[in-house]
Amino acid sequence: MIKRLFTRLLWSVTTLMGTAVLTFLLINVAPGDVARVIAGPKASPDVIKAIRARYHLDEPLWKRLGFHLGQLARGDLGHSFVTDQPVSEAILSRLPTTASLASLAVCLWMFLAVPLGVYTARHQGTWLDRSVLVAATLTLSLPAFWLARMLQYWMSYKLGWFPVAGFRGFWHLVLPALTIAILAVGYYARLIHTNMVQVLDSAFIRAARARGASESAVLFRHALPNALIPVVTILGMDIAFLLGGVMFTENVFALPGIGTLAVQSVFNLDVPVIMGTVMFSALAIVIVNLIVDMLYSWIDPRVRAV
Amino acid sequence: MSLLSIRNLQVHFPVNQGIFSKAHQVVRAVDGVSLDVEPGETLGLVGESGCGKSTLGRAAIRLIAPTAGEIHFDGRDITRLSSGDLRPLRRQFQMIFQDPYGSLNPRMTVEEIIGEALDIHGLAADASARHGRVAELLSDVGLDASHANRYPHEFSGGQRQRIGIARALAVEPKLIVCDEPVSALDVSVQAQIVNLLRDLQDRRGLAYLFIAHDLAVVEHISRRVLVMYLGRVVEGGEAREVCRAPKHPYTQALLSAVPAVDPATKRSRIVLTGDVPSPINPPSGCPFHPRCPVAQARCRTEVPVNRDIGNRRQVACHLV
Amino acid sequence: MSTDTTPLLAIRDLRLDFVNGDRPLRALDGVSLTVHAGETVCLVGESGSGKSVTALSITRLLPSPPARVVGGSILLQGRDVLQMAPRELRSVRGGIVSYVFQDPSASLNPVIRIGKQILETLELHRPDAANDAEVVQLLKLVGIPAPESRARDYAHQLSGGMQQRVMIAMALASRPKLLVADEPTTALDVTIQAQILDLLRDLKQRTGMAILLITHNLGLVSEIADRVAVMYAGQIVEEAPARELLARPLHPYTRALMDSVPELGRDVTRLKAIAGNVPQLGAWPTGCRFHPRCPKAIAACAQHNPELSLVEPAGSSRLVRCPYWNS
Ligand SMILES: Nc1ncnc2c1ncn2[C@@H]1O[C@H](COP(=O)(O)OP(=O)(O)OP(=O)(O)O)[C@@H](O)[C@H]1O
Ligand SMILES: Nc1ncnc2c1ncn2[C@@H]1O[C@H](COP(=O)(O)OP(=O)(O)OP(=O)(O)O)[C@@H](O)[C@H]1O
Ligand code: SF4
Ligand SMILES: [Mg+2]
Ligand SMILES: [Mg+2]
């Protein structure tokens, strides 16, 4: 267990380092003079020079990389070129929005996917089973941007059930979360279905039935926990991905989340923010992975023994 | 001279262990086994699951690299031959497996399966010679020549085992390692395969290293048997003698545990307590001592050597 | 309702199909089997002969579809299982009939502690005794050392023999009248098999329950059975008290089977093999199912499938499905 944790941590640090170096190199070898962008088109050469000095743009690449990594190690992501706000502050201030959106979305889709997956596994070949299969295939290929626009148009403009955009409370989150959930629910329902079918066919399920366990005990106490074990990994990846910011959905609904921040920073060529959001995504993935790993050894005793 | 002669063979597998545990752990699957198979004879190998029978059988014909010890085949040291040098020798020793389903390629016809073995060793001059040889081999194992164009799934378990035997016979080996060849078969079909193996031995002078966990089958087919426990040989000798008067406490318990069909041959039961220990950390001293009903103090500390007790019997027990 | 003469289990002329696509495949064809209270009955037969299907049918554990009962009846303490409502069926499963299956490692839920799994059975059938003390008591009964700590283990932490002991403890938790053990020792080593057999015999003596033991190993029959039924291709071909059957098998299949298995210490140079192969489901021969492999078969055997009928060799009365058993 300790060894497992240790290798995982080592792996995490390596991943983060790699991400940091890679993003740094990618951005710094890209064409375009960053100083000119920061200063604006009408700036005088003096101003540009001053900016160069301030952001150490004159130094050789390897020195800047070292400086950059040192800063990262201290948790300093630098300041935004555009607003001069510390990048970490910008990200943290937007984290609650993104996190609430992500949690609501995950709750929504799991709330639907678990019963659907269980029911369709128990009643294979029924019309509901078949429709879930078709729906899963359809929603997988839906463009997120289009779906967000459609929901916004119908449910907000036309029917007026939800606020159109912005973030001033729970109701503003429902439509964006629904967008994400619709895209994911079919996939998860099928995933749970497949795992359930497999588990329901196993000897210990037959043994549980033979002891007189009720159908609900068989499904929810014996089968579901086993069927959810493989789902946890995939769910973890998806949550990490959501925390990194849902660009299209957040943008369509003008939610001040990390996704919007990332999109804005790209438009503005706001290098520290771009790097900051990338680093944050990497961090989210690494942390969620660690949590999933711990969770694994908690839910699956066979892993705990290793 | 022995056809196959093994001295002090060890096969250890590494276990993945933590970086914090300094000691490098290994599975001692085979831990110092010596045996001889004479030309044309059957040596039986019995023991419970995980005692290292398959590993020994595979290492004997260099399908697994041995960790230590020596293997001589037909007088030649093959312990450390390169796979290139081994290839021409391979046709002299073949193997048949427990699972006739898994060991035949489902996409190849019977003719292709057997023909492939002929081709590898260049044993068929042309297509018609190959075809004729396959037909011959099929009839040798009791199948019909018309079966040649069928696929493995069209056969029953016993018939598939016959195909596996025909494939092994194709290259005219001197030794066949049979790894539980009848364990997966229906009871009423087991006898067919056992009889077939004996007939082939009589006709062709084949030698078998016959692995099984069913003592009765081993006693029936082998002249001599070795009993294994946790990677070591604990007893050996003439099959009939070992089964009639076992000397090692483990062999005694093993034999007494076999349920007899005939109620007249009631054996007095020695029921062992406990489970077979792990070969990762085998017990000190005699590997059998934690379960042995007659173990004494020295059994816990001193490893009993495999002694010759005359009459071609060998036993590894302090009390014999 | 059940009097002393009512058998604990009476299967009458059970016929069962597996419906695969539109073609039903007959798996059981007129199986009749009786188990009395306290009796040990062995059901012997080769792979695919229908032993497990028979065992699972007793409490309707086969998934339907594909399984479909097309005839016969199953009376448990006089009540027809085939007519039972789901709730009644659940109280019978584990309550009157308990099961132990072949593969103990797969029959235990990998993510629930074994003590908890035993507790679940107690809650279902003996709620007043559903406590940790009783769980420990049951583990002790089946000979698990240090039962208090073992109860907190997961299945993978136990050896195969211990797992099977846990399965037996679980089966006994409800104090069943009938224990159905479907090849309980096939996956285990010989020395462990001997331990489990001893345990079953001992438990039977202490609890007085009946055992239906399913096996393909005739050796087990002489060890434990009071009565034996031999199955071949979905039918019982012979039934007799164990001692009589082993001493004098009457059906050609039983005889051939006994001759073909090598026995320790029996000096034969050549085994008497049974020719041919076990027929597959859906490809059963017409007439007597055994006739293509039977050394005694005559032309008539290919025409008529004989009935399981009472015959009387030398003072005993026996059930055999072969009119030529005496020739
Ligand atoms: N490739 C391998 N890596 C690690 N351990 C192995 C490997 N192959 C076998 N073992 C271990 O070596 C021991 C002996 O295995 P082996 O397959 O030889 O036993 P066996 O006597 O043939 O058993 P069975 O009757 O179950 O076939 C076992 O503990 C097994 O887990
Ligand atoms: N769910 C199922 N669907 C279709 N066919 C089945 C099903 N269960 C069993 N069968 C078939 O019914 C026949 C009898 O099977 P059964 O499991 O009773 O055999 P058995 O006598 O227990 O054999 P074994 O010794 O291999 O356990 C087999 O041919 C099997 O393939
Ligand atoms: S009826 Fe005929 S074929 Fe069937 S067992 Fe009897 S003799 Fe053999
Ligand atoms: Mg093996
Ligand atoms: Mg079965």
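The values are calculated or read from the model by the stated rules, or taken from the named source; none is laboratory data. Please read these numbers as outputs of a predicted model, since none were measured by experiment. Because the Cβ atoms are built from the backbone with ideal geometry, glycine has one as well, and the counts that use them run over all protein chains shown. Ligands, DNA and RNA are stripped out before the accessible areas are found, and what is left, the full protein with its side chains, is counted by its heavy atoms. Shrake-Rupley method; radii C 1.70, N 1.55, O 1.52, S 1.80 Å.
For the reader, a short list of remarks on this structure follows.
- Selected residue [within 14 Å of another protein chain (Cβ to nearest Cβ) and polar (S, T, N, Q)] from A:S281, A:S202, A:S265: A:S202
Yes/no per residue for (1) of a type in the set (F, W, Y); (2) within 30 Å of C:L124 (Cα to Cα); (3) open to solvent by 20 Å² or more (accessible area, probe 1.4 Å):
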| position | (1), (2), (3) |
| --- | --- |
| A:A223 | no, yes, no |
| A:T249 | no, no, no |
| A:V278 | no, no, yes |
| A:L295 | no, no, yes |
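- For segment C:121-131, the criterion of a residue being under 18 Å from A:V218 (Cα atoms), open to solvent by less than 10 Å² (accessible area, probe 1.4 Å) and either within 16 Å of ligand 4 (Cβ to nearest atom) or more than 9 Å from chain A (Cβ to nearest Cβ) (or both) is satisfied by at least one position.
- Qualifying residue in segment C:233-243 (condition: within 24 Å of B:L143 (Cβ to Cβ), touching a Gly at 6+ places or on another chain (Cβ under 9 Å) and modelled with pLDDT of 90 or more): yes
- Number of residues in segment B:190-217 that are more than 20 Å from C:D259 (Cα to Cα) and among the charged types (D, E, K, R): the value is 3.
- Checked against (1) modelled with pLDDT of 90 or more; (2) over 21 Å from B:S2 (Cα atoms); (3) in contact with a Phe, Trp or Tyr (Cβ under 7 Å, 6 or more places away or on another chain), B:F73 passes all but condition (2).
- C:L138 meets the stated requirement of being more than 11 Å from every other protein chain (Cβ to nearest Cβ) and buried (at least 22 other Cβ atoms within 10 Å of the Cβ).
- Leading residue by the ranking (most open to solvent (accessible area, probe 1.4 Å)) among those in segment C:49-79 that are out of contact with any helix residue (DSSP H, G or I) (no Cβ under 7 Å at 6 or more places or on another chain) and in a strand (DSSP E or B): C:R68
- Filtered residues of segment C:32-48 (kept if open to solvent by less than 10 Å² (accessible area, probe 1.4 Å), farther than 20 Å from C:S309 by Cα and within 9 Å of ligand 2 (Cβ to nearest atom)): C:E46
- Highlighted here are the helices (runs of 4 or more DSSP H) found entirely within segment A:1-115 that include at least 2 residues which are touching a residue at least 40 places away in the same chain (Cβ under 8 Å) and not polar (S, T, N, Q): A:2-29, A:34-39, A:61-73.
- C:W284 meets all of the listed conditions (1) in a loop (DSSP other than H, G, I, E, B); (2) surrounded by fewer than 14 Cβ atoms within 10 Å (Cβ to Cβ); (3) outside the structural domain of C:V41 (by TED's automatic domain parsing) but one, namely (2).
- When residues in segment A:141-186 are screened for being outside any helix (DSSP H, G or I) and among the aliphatic types (A, V, I, L, M), 4 of them pass.
- At least 1 residues being touching a strand residue (DSSP E or B) at 6+ places or on another chain (Cβ under 6 Å) is the threshold, and among the helices (runs of 4 or more DSSP H) wholly inside segment C:96-172 those reaching it are C:160-172.
- Any chance C:A187 is hydrophobic (A, V, I, L, M, F, W, C), over 23 Å from B:V46 (Cα atoms), open to solvent by 40 Å² or more (accessible area, probe 1.4 Å) and within 13 Å of chain B (Cβ to nearest Cβ): no
- Residue match in segment B:244-262 (condition: open to solvent by 30 Å² or more (accessible area, probe 1.4 Å), more than 8 Å from chain C (Cβ to nearest Cβ) and of a type in the set (V, I, T)): no
- Only one entry of C:I224, C:I168 meets the criterion of being outside the structural domain of C:T40 (by TED's automatic domain parsing) and either within 16 Å of ligand 2 (Cβ to nearest atom) or not small (G, A, S) (or both), and that entry is C:I168.
- Subset of segment C:305-315 (residues that are loosely packed, with under 12 Cβ neighbours inside 10 Å and assigned to a loop (DSSP other than H, G, I, E, B)): C:E312, C:A314, C:G315
- Looking across segment C:153-170, the residues that are facing chain A (nearest Cβ under 8 Å) and among the aliphatic types (A, V, I, L, M) come down to C:M167, C:M170.
- All positions within segment C:195-224 that are more than 14 Å from chain B (Cβ to nearest Cβ), open to solvent by less than 20 Å² (accessible area, probe 1.4 Å) and under 14 Å from C:E39 (Cβ atoms): C:M209, C:A210, C:I211, C:L212
- Each residue in segment B:194-243 was checked for being away from chain C (no Cβ under 12 Å), part of a loop (DSSP other than H, G, I, E, B) and under 27 Å from B:C286 (Cβ atoms), and 2 pass.
- Restricting the first member to segment C:37-54 and to residues that are under 14 Å from C:N277 (Cα atoms), and the second to residues that are open to solvent by 30 Å² or more (accessible area, probe 1.4 Å) and more than 9 Å from ligand 5 (Cβ to nearest atom), the beta-carbon pairs closer than 7 Å and six or more apart or on different chains are C:E46/B:D186; C:S47/B:D186; C:G48/C:L281.
- For C:R270, the conditions (1) surrounded by 19 or more Cβ atoms within 10 Å (Cβ to Cβ); (2) part of a loop (DSSP other than H, G, I, E, B) all hold with the exception of (1).
- Failed criterion for A:R149 (all others in (1) charged (D, E, K, R); (2) open to solvent by 60 Å² or more (accessible area, probe 1.4 Å); (3) more than 19 Å from A:V263 (Cβ to Cβ) hold): (3)
- The residues in segment C:257-270 that are more than 7 Å from every other protein chain (Cβ to nearest Cβ) and closer than 18 Å to C:E46 by Cα can be counted, and the count is 1.
- Test: B:V305 is surrounded by fewer than 18 Cβ atoms within 10 Å (Cβ to Cβ), assigned to a loop (DSSP other than H, G, I, E, B), more than 26 Å from the chain's Cα centre (by Cα) and aliphatic (A, V, I, L, M): no
- Segments classed as helices (runs of 4 or more DSSP H), wholly inside segment B:59-173, with at least 2 members that are open to solvent by less than 70 Å² (accessible area, probe 1.4 Å), touching a strand residue (DSSP E or B) at 6+ places or on another chain (Cβ under 7 Å) and within 17 Å of B:Y208 (Cα to Cα): B:157-170
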